[in-house]
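Only the coordinates and a few stated rules stand behind these numbers; no lab work does. Keep in mind that this is a model prediction, so the values were computed, not measured. With ideal geometry, Cβ positions are generated from the backbone for all residues, glycine too; neighbour counts draw on all protein chains shown.
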Amino acid sequence: MMERLRRAALPLIALMLLLASCGGGTRESAGKGASASDVPAYGDAIVEGSIGDVSGFLTAVTTDASSHEAAGYVFNGLVRYDKNLKLEGELAGSWEVSPDGKRITFHLRKGVKWHDGAPFTSEDVMFTYRRMIDPRTPTAYGEDFKQVKRASAPDPHTFTVEYARPFAPALASWGMHVLPKHLLEQYSDISKSPLNKKPVGTGPYRFIEWKTGEKVVFDASPDYFEGKPYIARVITRVIPDQATMFLELKTGGVDIMTLTPPQYVRQTETADFRKSFNKYKYTASGYTYLGFRLSHPWFREKRVRQAIAHAADKKALIDGVLLGLGQEATGPYKPGTWAHNPNVRKYPHDPERARALLAEAGWKEKGKDGILKKDGQRFEFTVLTNAGNEARAKTAAILQQNLAEVGIAMKIRTVEWAAFINEFIDKRKFDAVILGWNITPDPDQFDIWHSSKTGPKELNHVGFANTDVDRLLDEGRGTFDLEKRKKAYFRIQEILAEEQPYVFLFVPEALPVVHHRFRGIVPAPAGITYNFVKWYVPEALRKHQVQP
Amino acid sequence: MSGSPGIGRDFARRLLRNRLAAAGGAVILFFFLVSALPGLFASHDPNRIDIVNILRPPSAAHPLGTDDLGRDVLARMVHGARVSLKVGFVAVGIATVLGLLVGLLSGFYGGWADAVLMRFVDMMLCFPTFFLILSVIAFLEPSIWNIMAVIGLTGWMGVARLVRAETLSLKERDFVAAARAQGAGDARIIFRHVLPNTLAPILVAATLGVAGAILTESALSFLGIGVQPPTPSWGNILTTGKDNIEYAWWLSVFPGLAILVTVLGYNLLGEGIRDAADPRLKGR
Amino acid sequence: MLRYISRRLLLTIPLLVGISLVSFLMMHMAPGGPIGAGTDLNPKATAESRARLKAYYGLDRPLHVQYGRWLGRMATLDFGDSFSPDGRPVVEKIRERIPITLTINVLSMGLIFLVAIPVGVYSAVRKGSLFDRISTVAVFTGFAIPTFWLALLMMILFGVKLGWLPISGISSLDHESLGTLGKIADRGRHLVLPVLLAGFGGLAGMSRYTRSNMLEVIRQDYVATARAKGLPERTVVFRHAMRNALLPVITILGLSVPDLLGGSVIFETIFAIPGMGQLFYQGVMSRDYPLIMGILTIGAFLTLLGNLLADVGYALADPRIRQG
């Protein structure tokens, strides 16, 4: 189930897309016998735990993380992100951007085959592009492709796209999984094709079976163009409950999963556990925020928003919700990435300053219950957040206490996700929300901050409108020059920090844990799974015998 | 006439002599006290977050430990008792009133009204109760009022059948005929003659109903569709207990025990009332 | 007998109509009506799916026309497509899940039968004994204990601490590679805890009920007569008393269908069993209205079936009922 609003995100970056400060993440606890004949060997299987089940394998028509992750084993895009979160070629061996920034030419790899043996060519890329902009395709990711003015496939291994204006996020958008034309062209709606349930791709693993609600099984593809993966089989098990999944991990039913902070801190410190598992820790690509409906009479006032930012105790949030496994967010970018501006206005926990700002805004008297009053009204509002998310519930509870301290009564209301989106967010019927966004590697956040994106069902749900930011957003996406982009995004962050349309709360750490028998894991800014095809299990430690 | 003082006194005497029922009653009284005078039992604010003291085991400062935000479990359980009792009583109140109405009308007037009402009861009973409750809450939203209403609106059928059965048998009795001969109207007969005699089985059903309502509410809160945090309820403390089960046993044990003991109390009292009301059935 | 059954069957028709009416009303009670779809942040997909659904439900037609269509669709078990991302037909999703839920419920009914009845009978025959007293305490505790709590405790005890039983799912990873016997054993081990928990509440109820029925029957005249005739106690108990006491038991088993179904929501979710209960829970959490209505209606059908079987069983056993 989707727990965070996400913009049209690159589905490729499914597995743990993370960037830590220089030097990648950290690994804790040495696995047993790191020397035991560490020779890459083919074989064994890895069992992944997943909270949600796959809903379909064609990334274009699904939006949930579980589906995208599963699809990532079977499909490839033209490009992908490497260990340092820089774009590198996948199905495209190389590419050129024309000097005016309006044309990209991809040179596709030769000799790549679909899992059914048919050759991969530029026809498939052209087909994919056409379907992405086709109104019959129910996709959430069509916007970027609609910017293409013209696409052409001059020969089977070349694909060219032209844009009306330079469009920086373009390159990243070609990470979208390429679809096999010969298997899909007869279906007008690809979401209804059999491929959505039985995918055929070019990727490192071939689809074997999908038992809905239970598991998905993939086997290594022997002629994968980067070399056959060492791990012979991948099994994704659906275990909808985090606690049960953890128990499964300990009893050997699951080899890799993401830990919650309490599990990481309290349940995985025993000598026994450390002998059998390796824990990793990375800055996650997402942040949690408190968003204000900017048309609300009280939240229209910048000083009120800033006061609340000062009232919020971000350290308490990180300690209480994340058990210390996270850092403060000062804007919508991930600390340590090139687009992140570390020098923006900060809002340390300062109840005094908060009260002063509120007084300036006219909130001077206090009622008998300690709540501020102005013109006969108590400063009371309701914050909404989605139900079933413990971290958000805790965040709300802590903020409630923080705000009570400065005389603001914040009531908490948890709403189930679907109703949340349909009844409250889309119709803009809220005072404030606690939500989160994924942070994509490309810093373009047009859809979230541009004043044209405030319509119902669009992503700028707080109604932020700032002409400078609008201009800077256009500048940022309109050039491929990294320095120019950086300047634009830095300035955007300064403005956002000053205006506080959101109180940016925190960026959590991602906490994967893997059974010790898996070797080849190298923590990097992109996480640990970017080189999954190179992971292996030494023969001596092999657990599963995989019959082909 | 119905319910002469002698019968009432016998009833009370039999009830008190039943030790198990008395124990049940004591438990119930205890929890009533707890929810009426929370300050007496808990010195902390149930919503006071204390990051430094997250997940502390029971100690002098926190006799039942702290939860995952450092809040005092005892205080939360005391306030949770209020929630449980409130839900139990309001839900059962709704169910009883509704069941009474339907049962009395059905049993007394019989014929066409009876047929329609009883078919309606049968139909409602076709839906698995828990499914029905979950569906309605899915359509509305989880709030304590909705939960009370839904549990009540899905639990009246048993009472209705019971009351109808009693009414049917009472209808034929001499004192009803006598009252009619004296010119008493329907309403008078129903409310002054029939109703008081159905009180005993209703009381039993209501008592057992509270137990059931508490169990249902805690199950709903446990699943996340009952009382929403940060409002404490025994069920949603157990949710936190489940998530922290390996190192915070107190979060799982105490609320579960509280539910067990409370429900047991109501069950014992209910059974006791049933035994005391009809000594012929003593064998049960 | 046949007349009795056919009369009972006829009576179910108004019930079916009533079920359809209630379901129909509930669907329209939801905020946003039967639609309320589109949990994606994709404006385009949402608009399209909304239009599709509007046509499907005929929301522009008058209410009674809509009801007629609903009735027709319900008869063919067509509940529409699920709102969840996979958008599959509801009835297909339910069909995959029903076998495992039914298996667990049938097994737990068997458990109840095998355990609760002897316990109840013995308690009645040896009324007041230590066994009787202990079992009464156990029964009352069983009534009062929240099953989800018990599930957690048992999972920890048997699954983690003792490691005897698996704690989630219905089969191990290498299930396919086991022999037939191995497969059965594997399934069996996975089902122990769920079946135990599913039957737990029913155990208490059934043993209590059996006990009180036995007690009532024992006091009857014909039992006294049998005793007076000098028949051995065992014959008295088994031949005369038990047969009559067992009559209502069949009814109870049939009537316990709705409770078992409801309970399956909890333990299937806790044990990650891919059954109808877990599907229902997920549907509720994601406000998947077609799925919710589908499972609710099918649950009602199953309950109706259980009631019917219970009544028929009762009539079979007790000739007095058959006549009228």
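Some notes on this structure:
- Over 27 Å (Cα to Cα) - which of A:LYS534/C:LYS183; A:LYS211/C:LYS183; A:LYS113/A:LYS197 fall in this group: A:LYS534/C:LYS183
- Percent of Cα pairs exceeding the 19 Å cut-off, where the set is the stretch A:108-222: 52
- Peptides B:251-258, A:174-181, ordered by how many other C-beta atoms sit within 10 Å of their residues on average, highest first, read A:174-181, B:251-258.
- Angle between chain A longest axis and helix A:351-360 axis [Cα atoms, degrees, rounded to 10]: 60
- Rg/Rg_globular for chain B, with Rg_globular taken as 2.2 N^0.38 Å and Rg from C-alpha atoms: 1.17
- Percentage relative contact order, chain B, counting C-alpha pairs under 8 Å, at least six apart: 26
- Treating each Cα of the stretch A:281-376 as one equal point scatterer and applying the Debye formula with no solvent, the log10 of I(q)/I(0) at q = 0.15, 0.22, 0.25 Å⁻¹ comes out as -0.73, -1.21, -1.36.
- Counting only other chain Cβ atoms within 10 Å of each residue's Cβ, the peptide B:136-146 averages 5.
- Sequence of A:GLU365, B:GLU271 once ranked by neighbouring C-beta atoms within 10 Å, starting from the fewest: A:GLU365, B:GLU271
- Cut-off 10 Å between beta-carbons: net charge of the residues surrounding A:PRO229, Lys and Arg +1, Asp and Glu -1: +1
- Kyte-Doolittle at least 0.5, axis length at least 20 Å by Cα - qualifying DSSP helices, chain B: B:19-36, B:73-109, B:111-126, B:195-223, B:249-277
- Per-residue ellipticity at 222 nm from helix content only, as computed over the protein assembly as shown with -39500 (n - 2.57) for each DSSP H run of at least four residues, stands at -15500 deg cm²/dmol.
- Crossing angle, helix A:302-311 versus chain A [Cα axis fit, 0-90 degrees, rounded to tens]: 80
- Where both bridge residues fall in chain A, DSSP classifies roughly 75% of the beta bridges as antiparallel.
- For the stretch A:283-337 versus the stretch B:10-40, the gap between their alpha-carbon centres in whole angstrom: 50
- Take each residue of peptide A:325-333, count the partner chain Cβ atoms within 10 Å of its Cβ, and average: the result is 0.
- Estimated translational diffusion coefficient (Stokes-Einstein, Kirkwood radius over Cα pairs, 37 °C, 0.692 mPa s) of the stretch A:40-172: 198 µm² per second.
- With a cut-off of 14 Å between beta carbons, the residues surrounding B:SER218 carry a summed charge of +3, where Lys and Arg count +1 and Asp and Glu -1.
- Listed by chain and number, the aspartates and glutamates placed with their C-alpha closer than 12 angstrom to that of A:LYS314 are A:GLU328, A:ASP350; residues fewer than eight positions away on the same chain are left out.
- Folded to 0 to 90 degrees: helix A:467-477 orientation relative to chain A principal axis, Cα: 10
- Charge tally around A:LEU290: other residues with Cβ under 12 Å, Lys/Arg +1 each, Asp/Glu -1 each, net +3.
- Debye intensity ratio I(q)/I(0), log10, the stretch A:88-164, q values 0.14 Å⁻¹ (C-alpha model): -0.49
- Think of the protein assembly as shown as a dipole: +1 on every Lys or Arg Cβ, -1 on every Asp or Glu Cβ, centred on the Cα centre; then among A:THR158, C:GLY299, C:ALA116, C:ALA116 lies furthest on the positive end.
- Euclidean distance between Cα centres, the stretch B:208-232 to the stretch A:505-539, Å: 40
- Ordering C:LEU15, C:LEU165 by the number of other Cβ atoms within 10 Å of each residue's own Cβ, fewest first, gives C:LEU165, C:LEU15.
- Largest first, the extents of the alpha carbon coordinates of the stretch B:167-242 on the three principal axes equal 64, 17, 13 Å.
- Kirkwood analysis of the Cα pair distances in the protein assembly as shown returns a hydrodynamic radius of 32.7 Å.
- Projected-area mean, the stretch A:433-548, by convex hull of Cα positions, square nanometres: 11.7
- Equivalent ellipsoid semi-axes, the stretch B:145-284, via Cα gyration tensor eigenvalues times 5, rooted, Å: 42, 17, 9
- Every Cα-Cα pair of the stretch B:77-177 was included, and the share exceeding 24 Å stands at 34 percent.
- Ordered by the number of other Cβ atoms lying within 10 Å of each residue's own Cβ, fewest first, C:THR141, B:THR239 fall into the sequence C:THR141, B:THR239.
- The share of C-alpha pairs in the stretch B:26-134 whose separation exceeds 18 Å stands at 66 percent.
- The mean count of C-beta atoms from other chains within 10 Å of the C-beta of residues in C:112-122, rounded to a whole number, is 0.
- Alpha-carbon centroid distance for the pair the stretch B:47-75 / the stretch A:412-458, whole angstrom: 35
- Quotient of C-alpha Rg and 2.2 N^0.38 Å, computed over chain A: 1.01
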